[in-house]
Amino acid sequence: MNSVSGRVLLPAGWLEGRLELEDDKVVRFFPERAPGRYVVPGFIDLHVHGGAGGDAMAGEEGARRAARLHARHGTTRMLLATVTAPESDLVQALEGIHALMEKPGADEARVMGVHLEGPFISPEKLGAQPPYARDPDRDEMLRLMARASIQVVTLAPELAGARQFIKFLRSRGIRPQIGHSLATAAETAAALEAGAKGFTHLFNAMSGLHHRRPGVVGAACARGTWAEIIADGLHVDPVAVRAAMRAIPNLYVVTDAVAAAGMPEGEYRLGSYTVRRKGNGVFLQDGTLAGSALTMDRALRNLVDWGLDLAEAVRRLSSLPARYMGWADLGQIQAGMQADLVVLDGDLQVEEVLVGGKRVFSRS
């Protein structure tokens with residue numbers, strides 16, 4: 001029987017002790033003196049394009065490189081994200097992700113499915129998405145769904161047929177998210193009423209908040225329950241992150257990481273684009289932010305630096321994304337839950353990562 005000791009973040013709060021693990025589950029907790037380190041639920045990243053030089057759009061090997069890199073930084077479960085592309089390119093990406101899901105590696109974060117970011121987005125709000133945006137197409141969606149488990153779809157609610165498409169996605173158990181959109185607040189509200197669940201990288205690539213034109217951001221802050229946000233300090237100012245947390249009760253963190261994550265400065269692929277990592281950011285040639293080089297452990301330290309209590313910061317990376325996806329056995333540490341755990345030292349650096357009770361990373 002495996003065990004992990006430290007200051008453990010339980011539903012009741014922090015307690016010193018030892019967790020006993022059996023098979024892939026947490027079995028019990030024993031209070032006792034423990035080493036000066038933290039044990040927290042595994043991080044769940046619902047928006048990852050790549051890492052360690054690998055791009056999910058390139059197929060299985062690119063997806064695996066990303067899953068290995070993010071496991072070393074505390075991510076235990078993830079959704080791999082596509083970019084807007086011709087259908088043939090999306091099929092290649094989905095088949096690679098499906099192959100990874102069928103045979104996960106011993107040192108990889110577990111990929112739970114796909115976040116289809118586009119192609120059903122506004123051609124006027126692409127951000128760093130390649131120029132293949134198109135209106136929602138149910139037949140294309142059915143063909144893509146046959147290739148891999150699509151869990152989340154980002155779309156622009158102002159497009160023709162979007163509301164009916166949102167209802168279709170919900171009928172198939174897929175979470176529609178609003179993003180890459182120039183929608184008005186009224187169009188956004190109509191999409192929420194049709195069944196849209198959340199917002200993709202809040203503030204980025206969407207119509208902003210103006211006091212007479214509240215746009216997608218205004219509707220999200222007024223009516224939204226769920227939204228993802230990139231906590232790298234570049235995509236969104238920390239003050240705006242804190243403001244969004246007041247407005248949207250279940251704001252959770254994603255990385256939106258691309259192939260440049262975990263790599264030195266230089267050029268990398270993002271779908272059909274070449275992007276450049278410079279410092280802590282990733283950019284197109286025109287200076288547009290193109291995903292991020294963020295990892296979830298860095299995001300955790302950022303939130304703490306911005307004034308969040310550690311337990312609250314962990315909640316934004318673990319339990320909230322698990323609840324959003326309906327993954328009832330993930331995101332918390334208690335008996336019967338999956339033994340997805342991250343062990344952090346006193347500086348919040350990752351020491352160990354366990355997925356289903358098995359160590360996928362150990363710093364020692």
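No lab work stands behind these numbers, since they all come straight from the coordinates. Since the model is a prediction, treat every value here as computed from it, not as a measurement. When we count neighbours, we look across all protein chains shown, and the Cβ atoms used for this are built from the backbone with ideal geometry, even at glycine.
Quick rundown of the values:
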read-out: Per-residue Cβ neighbour rank within 10 angstrom, fewest leading, Ile178, Ile229; value: Ile229, Ile178
read-out: Which labelled figure in (1) 32, 22, 20; (2) 36, 21, 20; (3) 53, 21, 20 is semi-axes √(5λ) of the Cα gyration tensor in Å, once derived from the coordinates; value: (1)
read-out: Value at 222 nm in deg cm²/dmol, rounded to 500, when DSSP H runs of n ≥ 4 in the chain each add -39,500 (n - 2.57); value: -8000 deg cm²/dmol
read-out: Nearest-0.05 FRET efficiency for Ser88 and Leu234, computed from C-beta distance (R0 35 Å); value: 0.60
read-out: Estimated FRET transfer efficiency when R0 is 30 angstrom, pair Trp14-Asp107 (beta carbons, to 0.05); value: 0.55
read-out: Protection-proxy order for peptides 214-221, 245-252, each taking the mean of Cβ atoms within 10 Å per residue, highest first; value: 214-221, 245-252
read-out: Sequence of Ile166, Ile150 once ranked by neighbouring C-beta atoms within 10 Å, starting from the fewest; value: Ile150, Ile166
read-out: Pairwise label distance in nanometres, Asp23 with Arg223, each label 7 Å out on the Cα-Cβ vector; value: 4.5
read-out: Distance between the range 185-215 and the range 219-277 - C-alpha centres, whole angstrom; value: 16
read-out: Mean projected area in nm² (Cα convex hull; one quarter of hull surface) for the range 10-51; value: 4.9
read-out: Chain lengthening between Asp309 and Arg363 when straightened (0.36 nm per residue, less Cα-Cα); value: 16.9 nm
read-out: Estimated inter-spin distance, Asp135 and Asn2, nm [label 7 Å along Cα→Cβ]; value: 5.1
read-out: The range 9-79: proportion of alpha-carbon pairs further apart than 19 angstrom, %; value: 50
read-out: Candidate lysines for bridging to Lys197, where Cα separation is under 22 Å - those fewer than 8 sequence places away on the same chain excluded; value: Lys125, Lys167
read-out: Proxy reagent accessibility, fewest Cβ within 10 Å first, across Met78, Met206; value: Met206, Met78
